[in-house]
Ligand code: ADP
Ligand code: MG
């Protein structure tokens, strides 16, 4: 027997899907369900990512914080190392970074153990952050005269891993917008590089310089380093330019670019002012779903061989 409301229900559904807002809601529901249905694999060995691009404002910090939060939400143990004197990643993870606290500066310059400076983020259970304070601004120059100046973060991280009770699954190092000694320390400490690229006209400018620097590091300081992941950020589907940029980058780096593209989203940009990632601030917003999908893709792909 036919349900009495059957006809009207199906016609309502059809009507709904034909309006842009209802289509968007239906799309969000589908994406949430797909994410909820998947259990992400955890890596056997800690994956250490350096999030780098010498351009400012391309989404390094936003990407660091939200991928870290997404993976922590999915059950991974995640550490974020804030290596930018601005301390934006620390802010977004709700972690203290006043100038009088011990921070990554003390780890790199004063041989403070990382365990003494790491803080738990209130965001998720297994999400931790090594904060940066404004002192880090001087570290670039102070590092020059120190021994093993390129290896300091790596040594500190290795010592920290050795004495951690439980292993971390992911580490993300948020870099400042330069290719100085702090960024070099990050490249030496990592096994993978994640490059966020903004979907705009000058996106590829500077990329070859970044890649040749990474190659130099690989040759001389860290042979296991690989650019494993490229994430397109701040995508605006209404512009042809954004589509063109995504297409160009995919052509150049077919194996590295994630299928997921992060849209421009007000929710993403306002989350840090609440000391939150967008994953906890508005978990079912399109921006949050995109970061959750990007994290899932990275987990599924696994580390490069
Ligand atoms: P970087 O660390 O490379 O300097 P940020 O992550 O700080 O870049 O991003 C630069 C600015 O752009 C910030 O104000 C941030 O909130 C904003 N932003 C980043 N990603 C998005 C996005 N997908 N949609 C809207 N705003 C974004
Ligand atoms: Mg930043």
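Every number here is computed from the coordinates shown, using simple stated rules; none is lab data. Owing to the predicted nature of the structure, the values given are computational and were not obtained by experimental measurement. Ideal geometry is used to build each Cβ from the backbone, glycine not excepted, and the neighbour counts take in all protein chains shown.
What FRET efficiency comes out for the pair residue 110/residue 237, r = Cβ-Cβ distance, R0 = 41 Å, nearest 0.05?
Values: r = 48 Å, r/R0 = 1.16.
About 0.30, to the nearest 0.05.
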If I histogram all Cα-Cα distances within segment 58-111 using bins 5 Å wide from 0, what percent of pairs lands in each bin?
4, 18, 27, 22, 17, 10, 2
With a bin width of 20 angstrom, please list the P(r) values of the chain as percents of all Cα-Cα pairs, from the 0 bin to the one holding the largest distance.
33, 54, 10, 2, 0
Per 5 Å bin, what percent of the C-alpha pairs of segment 158-201 does each bin hold, from zero upward?
5, 16, 23, 21, 16, 11, 4, 2, 2, 0
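How many percent of all Cα-Cα pairs in segment 81-147 sit more than 17 Å apart?
On the way: 782 of 2211 pairs.
Tail fraction, whole percent: 35.
Give the dimensionless ratio obtained when the Cα radius of gyration of segment 197-259 is divided by 2.2 N^0.38 Å. Could the numbers behind the result be given before it?
Values: Rg = 13.2 Å, N = 63, 2.2 N^0.38 = 10.6 Å.
Compared with the compact-globule rule of thumb, segment 197-259 sits at 1.24.
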Most mobile listed residue (279, 214, 173) in the chain, GNM with C-alpha springs under 10 Å:
214
By average C-beta atoms within 10 angstrom, highest first, the peptides 89-95, 35-41:
89-95, 35-41
Could you give the C-alpha radius of gyration of segment 254-303 expressed as a fraction of 2.2 N^0.38 Å, taking N as the number of residues it contains?
1.22
Compute the distance in nm between two label points, each set 7 Å from the Cα along the Cα-to-Cβ direction, one at residue 162 and one at residue 100.
3.4 nm
Full-extension gain in nm, residue 202 to residue 303, via 0.36 nm per residue minus C-alpha separation:
33.4 nm
Per-selection metrics, segment 121-172 (Cα): Rg and Dmax in Å
13.8, 39
Could you identify which residue out of 19, 260, 46 has the top mean-square fluctuation in a GNM of the chain using Cα springs shorter than 10 Å?
19
The chain, Gaussian network, Cα under 10 Å: of 267, 238, 154, the residue fluctuating most is 238
For an R0 of 41 angstrom, estimate the FRET efficiency from the Cβ-Cβ distance between residue 27 and residue 141 and round to the nearest 0.05.
0.25
Sort 195-208, 20-33, 102-115 by packing, meaning the average of other beta carbons within 10 Å per residue, with the highest value first.
102-115, 195-208, 20-33
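May I ask for the Kirkwood hydrodynamic radius of segment 176-305, worked out over all distinct Cα pairs and given in angstroms to one decimal? Walk me through the numbers before you get to the answer.
Details: mean 1/r = 0.0626 Å⁻¹.
Answer for segment 176-305: a Kirkwood hydrodynamic radius of 16.0 Å.
When you count, for each residue, the other Cβ atoms within 10 Å and take the mean per peptide, how do 252-259, 162-169, 133-140, 71-78 rank with the highest first? Let's see the in-between values first.
Details: 252-259: 14.0, 162-169: 12.1, 133-140: 18.1, 71-78: 22.6.
By packing density, highest mean first, the sequence is 71-78, 133-140, 252-259, 162-169.
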Provide Rg and Dmax in Å for segment 227-267, with only Cα atoms included in the calculation.
10.4, 30
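Please report, to one decimal in angstroms, the Kirkwood hydrodynamic radius of segment 95-231 built from all distinct Cα-Cα pairs.
Details: mean 1/r = 0.0620 Å⁻¹.
Taking the inverse mean of 1/r over all distinct Cα pairs, segment 95-231 comes out at 16.1 Å.
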